1. Where the second residue is aromatic (Phe, Trp, Tyr) and at pLDDT 95 or above and the first is assigned by TED's automatic domain parsing to the domain that holds residue B:182 and lies in region B:61-73, which pairs have Cβ atoms under 9 Å and are six or more apart or on separate chains?
2. Condition first: on the phi > 0 side of the Ramachandran plot and crowded, with 24+ Cβ neighbours inside 10 Å. Now tell me which residues in region B:130-163 satisfy that.
3. Tell me the helices (runs of 4 or more DSSP H) entirely within region A:230-319 that contain at least 1 residues that are among the hydroxyl-bearing types (Ser, Thr, Tyr), farther than 30 Å from residue A:140 by Cα and touching a residue at least 24 places away in the same chain (Cβ under 8 Å).
4. At least 3 residues that are within 13 Å of chain A (Cβ to nearest Cβ) in each: list the helices (runs of 4 or more DSSP H) lying fully within region B:303-401 that qualify.
5. Looking only at region A:106-140, which residues are in a strand (DSSP E or B) and either away from chain B (no Cβ under 11 Å) or closer than 18 Å to residue A:220 by Cα (or both)?
6. Out of region A:363-384, which residues are more than 17 Å from the chain's Cα centre (by Cα) and within 14 Å of chain B (Cβ to nearest Cβ)?
7. Criterion first (assigned to a helix (DSSP H, G or I), more than 10 Å from chain B (Cβ to nearest Cβ), crowded, with 24+ Cβ neighbours inside 10 Å and not aliphatic (A, V, I, L, M)) does residue A:410 satisfy it?
8. Which one of the conditions (1) buried (at least 20 other Cβ atoms within 10 Å of the Cβ); (2) within 30 Å of residue A:8 (Cβ to Cβ); (3) modelled with pLDDT of 95 or more; (4) of a type outside the set (A, V, I, L, M) does residue A:119 fail to meet, given that it meets all the rest?
Amino acid sequence: MSILFPIPDQDILERRDEIVAGLGALLPPECLVTTLDERRAFETDALTAYRHIPLAVALPRSTEEVAAVLRYCHEHNVFVVARGAGTSLSGGAIPQEDAIVLGLSKLNKILDINFPGRTMRVQSGVTNLSITEAVSAEGYFYAPDPSSQLACTIGGNIAMNSGGAHCLKYGVTTNYILGLRLVLMDCTVVELGGEALDSPGLDLLGLMIGSEGQLGIVTEATVRILRAAEAARPVLFGFETSEAAGACVAAIVGAGIIPVAMEFMDKEAIAICEAFAKAGYPLDVGAMLIIEVEGSVAEMDVQLKRIVDIAHQHGVQVVKESRSALETALIWKGRKSAFGATGRIADYICMDGTVPTGQLSYVLKRTAEICAGYGLRVANVFHAGDGNMHPLILYNVNDPAECEKAEQAGMDILRLCVEAGGCLTGEHGVGIEKRDLMHHQFTPDDLNQQMRVRAVFDPQWLLNPAKVFPLEGRVAA
Amino acid sequence: MSATNNLIRFEPATEAEAADTIREARATGRSFSIEGGGTRRGFGRPVTADAVLSTRHLSGITLYEPAELVVSARAGTPLSLIEETLAEKGQMLPFEPADYRALYGSHGEPSIGAVAACNISGPRRIQVGAARDHLIGVRLVNGRGEAVKSGGRVMKNVTGLDLVKLSCGAHGTLGLLTEVTFKLVPMAPAEASLVIEGLDDAGAVEAMSAALSSPFEVSGAAHLPAGLNGATATTLLRLERTPDSLDYRCGRLIELLGPYGTARRIEAQESRVLWRDIAQVAPLAKAQAPAIWRLSLPQRTAAQAMADISSNMGARYFFDWGGGLVWLAVMPADDAGASVVRHAVAQAGGYATLMRAPDDVRTRVDVFAPLGAPLMKITAGIKASFDPDGLLNPGRMYAGV
C-alpha cells in the first residue's frame with residue numbers, strides 16, 4: 001500500500017519502558033494497555049489495510065486523567081493519537097509505533113438531559129446511538145446518524161464532523177454541538193460554548209469540529225436534541241438507470257421539496273444490501289432511491305404524492321412505500337449496513353467525495369469507467385440529496401497488486417470529485433487516506449494557513465501527526 | 001460612528017487587487033478598517049486604522065444553482081440583490097439575516113460579506129441555525145496578502161480545518177472576505193403566527209419551550225414583555241409550511257398551548273411584519289437608551305437572568321429564540337451597565353455582547369464577552385496566524401487583537 005507513515009522517532013521508541021512507567025504513575029493498571037497482544041487490538045481502525053502497533057494505550061476515566069496524560073506527553077515529547085470507537089474509514093485513529101493511543105471509551109456517561117431546552121451533556125466516549133436511545137422514549141433524537149452509529153462515539157463524530165443519511169434536512173455534527181470541554185496539548189482544560197446558542201469570540205467550537213484530533217482532546221460535549229416528527233415513512237423508488245434516479249433527485253429539490261433523506265443505491269449495492277437485510281429492495285432495477293418523508297399521516301401523503309408525481313416524470317419503474325414500522329426498520333437496516341454487507345462479499349475501500357448534485361450522473365459514469373479500467377468492481381451507495389458519494393471499490397486485500405489498483409482507483413475518483421467542483425471528503429475525514437491528495441484541492445497558501453492555525457494549538461505537532469496534512473512542508477505557527 | 005470619513009479608501013475590484021493592496025500595506029504597516037455596506041460600523045469595538053478597505057467593488061453573484069440549493073457571491077454584493085434573486089426561484093437564505101440599519105441609524109446597503117463576517121442571523125435561527133451553520137465556503141485575503149479558500153460549494157465537506165467557521169463571526173479580523181457561499185432552502189408557501197397575551201417572562205419561556213419541543217417545527221418564538229410594545233405582554237410563535245400543513249399544525253399547536261392561554265392566529269403579511277420587526281430589534285431600536293445589549297442565554301435560565309438584571313437597573317428587553325436570545329436596552333451611561341449585565345448573564349451560563357453604545361463606551365467596556373487566559377492566548381495566536389502585523393480591523397473584537 002502506498003500511504004506512508006512518518007519514520008518512527010527512534011528516541012521515543014528507545015524510551016518506551018520509561019514512557020510506560022511514566023503513564024503507569026498516572027493511571028491504574030486497568031487503564032493502561034501495554035502488552036503486545038493487547039496493543040495489537042488498537043493497531044488499526046476501519047481502514048484495515050494499514051496497521052501500526054502503538055507504544056501503549058491509555059484509557060483515562062476523567063478529564064483530569066486525560067489532562068495528566070497529555071501533560072506527560074507534552075513534557076516528554078510523545079505523540080498522541082486519540083481514539084473513539086475506531087470506526088474511522090479514513091484511518092483517522094490508526095496509531096503509529098512512536099505514539100500512545102488515547103482511548104476515550106471509558107468516558108461513556110450521559111451527564112445531563114435538559115428536555116425543555118433540548119440539550120444534553122455527554123462524555124465524549126458515548127456512542128452516537130446511545131444519545132438518541134437515552135431520549136427516544138420521550139420522543140426526542142440526536143440528528144446526525146452516521147451508518148456506524150451503533151458503535152461510533154460522539155467524540156469521533158466531533159473529530160470528523162460526521163453526517164449521516166438524514167443530514168439533507170437536519171445537517172451534520174457541527175450544527176448540533178453547543179459546547180465542548182477540551183484538553184489542550186499543554187494540558188490546559190478549556191470550555192467552549194455551553195448551553196446557549198452562541199458563544200463569544202472566534203468560533204473555536206466550529207474550528208474544533210472536524211479537526212481530526214489535531215487541536216485537542218474533547219472529553220465532554222453539549223449537544224442539541226430535537227423532538228422527532230409525528231411519523232416518518234421511507235419509500236423505495238426503482239429506476240432503470242442511475243441517470244434517471246439522479247435527474248429525479250435534482251427535480252425534487254428543484255421543486256422546493258426537501259425530504260428528510262434521499263439515499264441512492266446502484267444495482268450492485270442493491271443486490272449486496274438485499275442479500276443481507278432482506279428489506280424488499282427491487283432487484284430488477286438499475287438504481288434505487290430511498291426517500292423518507294416526515295410529519296402527520298396526511299402531511300406525508302401530500303408530500304409523497306408530489307414526489308411520486310415527479311418520479312413518474314422520470315420513468316420510475318417501482319414505487320414501494322413502507323407499510324409498517326418493521327418494514328421501515330428493514331429498509332434502513334439495509335441502507336445502514338451497506339458497508340458491513342459489502343464486507344461479507346469482498347474487501348472494499350469506501351470513498352467519500354462530495355460533488356455538486358448536478359454532476360452526479362457524470363461522476364457516477366466516470367467512476368464506473370475508472371474502476372473498470374483497473375478491472376475492479378464498484379458498488380455505489382450514497383446520500384444523493386447532498387451529493388456525498390460513497391463508491392465502494394471491491395478488491396482482495398491479500399493480493400498486493402489488487403490493493404495497489406484499488407487505492408489508485410480511489411485516488412482517481414477523488415481527483416474526479418474535486419475536478420467536478422466538489423471535495424475529497426464529505427463526512428469521513430481526511431485521515432491518512434486522502435492526506436496526500438490535499439494539494440489537489442488546496443493551494444499551498446490554503447494549506448499553510450490551515451497548518452499555522454493547527455500549530456497555534458499544538459506547536460510541536462504531537463497530536464495525531466501522521467494525518468490530514470501532507471508529511472512534507474509542514475509549517476509552524 | 002468610527003472616524004473613517006477622512007481616511008484614504010481602497011476599493012479593490014478583484015481578489016488579486018485586494019491581495020496586492022494588503023501586501024503593499026504590509027511593507028508600510030498600513031492598517032485597515034474593513035467596510036462592506038457600512039451599515040454595521042457600530043458593531044464591535046471602534047477600529048483605529050490608517051485606511052478603509054472596502055468591498056464595495058467586489059460585487060456580484062458568481063454562482064447560483066437553484067437545483068443544488070447553493071449561492072456564491074462576492075463579499076460586497078448587496079444582501080437585497082441576493083435575496084431578490086433567490087426569491088425569484090422561491091428560495092432564501094435559511095437563517096433570516098437581520099437588517100441592523102434601524103438599530104444603528106445607518107444608511108446604505110448591507111452586504112453579504114458582512115452577514116458572514118458578523119454571523120448575522122434572525123428569528124429562524126432557533127429552528128435552522130445561524131449564518132455560520134449555512135456558510136459552506138469562503139475566499140479571503142489574509143493579513144499576509146495571500147488569497148486563501150476554505151470549504152467550497154458542496155453541502156458536506158470536512159476536507160481540512162474549518163476556516164469557514166473561523167471566518168464567520170471574526171468581524172474581518174482574520175481576513176478580508178472576498179467571496180462567500182451559502183446553502184439555501186426553499187421558501188415556505190405560507191406562514192402564520194400564534195399570539196398568546198399576558199404571560200410573564202417565566203411563563204412565556206415555558207410556553208415557547210413547549211412549542212419548540214413539539215413535532216411541529218416552530219420557526220420563530222419570541223416574547224415581548226408588558227409595556228414594551230403595547231400594554232400587554234405578547235408571546236409569538238411562527239410556523240412556515242404549505243397551506244394544508246400550516247392549518248393542521250396551527251390547530252395542533254393551539255391545543256398544545258392551551259394551558260398557557262388562548263392563542264390567536266395571525267396571517268401572512270401581518271406575521272411577516274411582526275418577525276421583521278423582531279429581527280431588526282425594532283421594539284428597542286428607537287429607544288433613547290444609551291446602550292443595547294444582545295444576550296445569549298440558556299433557555300432554562302433566561303427568565304431568571306432578566307429578573308436579576310431588572311432588579312438592579314432600569315431595563316427594557318424582549319426575548320427571541322424561545323428565550324435563548326435577549327435584546328436589552330439599559331440606561332447607565334458610563335459603563336452601559338456592564339458589570340450588572342455580565343454578572344447576571346455569567347450566573348445564567350450565557351454571554352453578553354454590547355451591540356450599541358457610544359464609541360467611547362465601546363472602547364472602555366468589553367464589547368464581546370471577555371475570554372479566559374487560555375482562550376485569549378489561542379485567539380491571539382489565530383489572529384497572528386492570519387494577520388501577523390495586525391493590519392485588518394485591529395482591535396475590533398478584543399483590544400490588541
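The values are calculated or read from the model by the stated rules, or taken from the named source; none is laboratory data. Here the structure is a predicted model, which means the values were calculated and not measured. Glycine also receives a Cβ, built like all others from the backbone with ideal geometry; neighbour counts cover every protein chain displayed.
1. B:70/B:64; B:70/B:182; B:71/B:64; B:71/B:182; B:72/B:64; B:72/B:182; B:73/B:64; B:73/B:182
2. B:160
3. A:242-254
4. Once the helices (runs of 4 or more DSSP H) in region B:303-401 are filtered for at least 3 residues that are within 13 Å of chain A (Cβ to nearest Cβ), what remains is B:338-347, B:373-386.
5. Within region A:106-140, A:110, A:111, A:112, A:113, A:114, A:119, A:120, A:121, A:122, A:123, A:127 meet the criteria.
6. Hit for region A:363-384 is A:363, nothing else.
7. Working: assigned to a helix (DSSP H, G or I): yes; more than 10 Å from chain B (Cβ to nearest Cβ): yes; crowded, with 24+ Cβ neighbours inside 10 Å: yes; not aliphatic (A, V, I, L, M): yes.
Judged against the criteria, residue A:410 is a match.
8. Among (1) buried (at least 20 other Cβ atoms within 10 Å of the Cβ); (2) within 30 Å of residue A:8 (Cβ to Cβ); (3) modelled with pLDDT of 95 or more; (4) of a type outside the set (A, V, I, L, M), the lone unmet condition for residue A:119 is (2).
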